[in-house]
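Everything below concerns the one structure shown next.
The values are calculated or read from the model by the stated rules, or taken from the named source; none is laboratory data. Source: prediction; values computed, not measured. Note that each Cβ is placed from the backbone with ideal geometry, even for glycine, and that neighbours are counted across all protein chains shown.
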Amino acid sequence: MPPATWVTGALEKRKAAYPLWGISSNQTNVCLARKNHKPSDLNVLVGASCVALATAIIEDGSDRATPEIVTEIPDVPSGTPWSHGMKIDSDAPVQAQAELPIDAPLDQVWSLLTDISAWSRWNPGVNRVVVKGPIAAGTEFTWRSGRVPIASKLVQVAAEAQIAWTGRSLGMDAVHVWTFEARDGSVMAHTEESLDGLLARWMQGRMQRMLQSTLTESLRLLASECKRRGRERAI
């Protein structure tokens, strides 16, 4: 089948779904009206539909159909430092970081964060966590952030110092690093994450704001849970 015919067929096949995904009939008809379709026409509509659908899932938790999720987990981007000083992907279009002093012993903070299967007990934004091995480099785990499914792999575990993982969801690759430093009975917790992929590039500003908010809230929740557990121990 000639490429132009294939593209036309693909556009027509998906036409009925575009309004459900926030793609206007005008956008669809402009592409379909071309006499000699180009692959870029298909990319525009399919890409836009992915962005619209992902936005709906992330922002309003609607019941629109969830796209098929590719669960192949990425390796750490080339050039990413290893050892205790591991960093996120410095070339990614979306990067954020946050830090917060936590008034708790280092071992308690570390134990709480690295008990991945129990994240949902203190972080309401996390659910359906399944860890497929020990807390060690190479172990894979799946989870959901809100309604968004994520497939992750631990790539660095340095006891009471640093834990990092990669992740893939909605066509984006993530690198997330947590670092801890003991300071006179308290802990300075630092978290940073990078996102790369179609959504991260097309919606850079929005994804940046969402990621920054998520990291800040994760630190707040971690500190709050440490404080709660500290009170329980004191009773």
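Of the listed requirements (1) closer than 17 Å to ILE116 by Cα; (2) of a type in the set (Val, Ile, Thr); (3) in contact with a Phe, Trp or Tyr (Cβ under 8 Å, 6 or more places away or on another chain), VAL187 misses just one: (1).
The residue list ALA189, ALA200 contains one member that is under 18 Å from ALA161 (Cβ atoms), surrounded by 18 or more Cβ atoms within 10 Å (Cβ to Cβ), of a type in the set (Gly, Ala, Ser) and in the same structural domain as SER152 (by TED's automatic domain parsing), which is ALA189. Counting the residues of region 206-235 that are among the small types (Gly, Ala, Ser) and either modelled with pLDDT of 95 or more or closer than 18 Å to ALA161 by Cα (or both) gives 4. Annotation note: Cβ proximity below 8 Å between a residue of region 132-145 that is touching a residue at least 60 places away in the same chain (Cβ under 8 Å) and a residue that is among the basic types (Lys, Arg) and part of a strand (DSSP E or B) (sequence gap 6+ or interchain) occurs for GLU140/LYS153; THR142/ARG128. Test THR166 against the stated conditions and say whether it is of a type in the set (S, T, N, Q), within 23 Å of MET86 (Cβ to Cβ) and in contact with a His (Cβ under 9 Å, 6 or more places away or on another chain). Yes.
Within region 216-234, can one find any residue that is of a type in the set (S, T, N, Q), in the same structural domain as GLN97 (by TED's automatic domain parsing) and closer than 19 Å to SER90 by Cα? Scanning region 216-234 turns up no residue that is of a type in the set (S, T, N, Q), in the same structural domain as GLN97 (by TED's automatic domain parsing) and closer than 19 Å to SER90 by Cα.
Taking the conditions exactly as written (touching a helix residue (DSSP H, G or I) at 6+ places or on another chain (Cβ under 9 Å) and either in the same structural domain as SER90 (by TED's automatic domain parsing) or among the β-branched types (Val, Ile, Thr) (or both)), does GLN156 satisfy them or not? Here the answer is yes, as GLN156 does meet what is asked.
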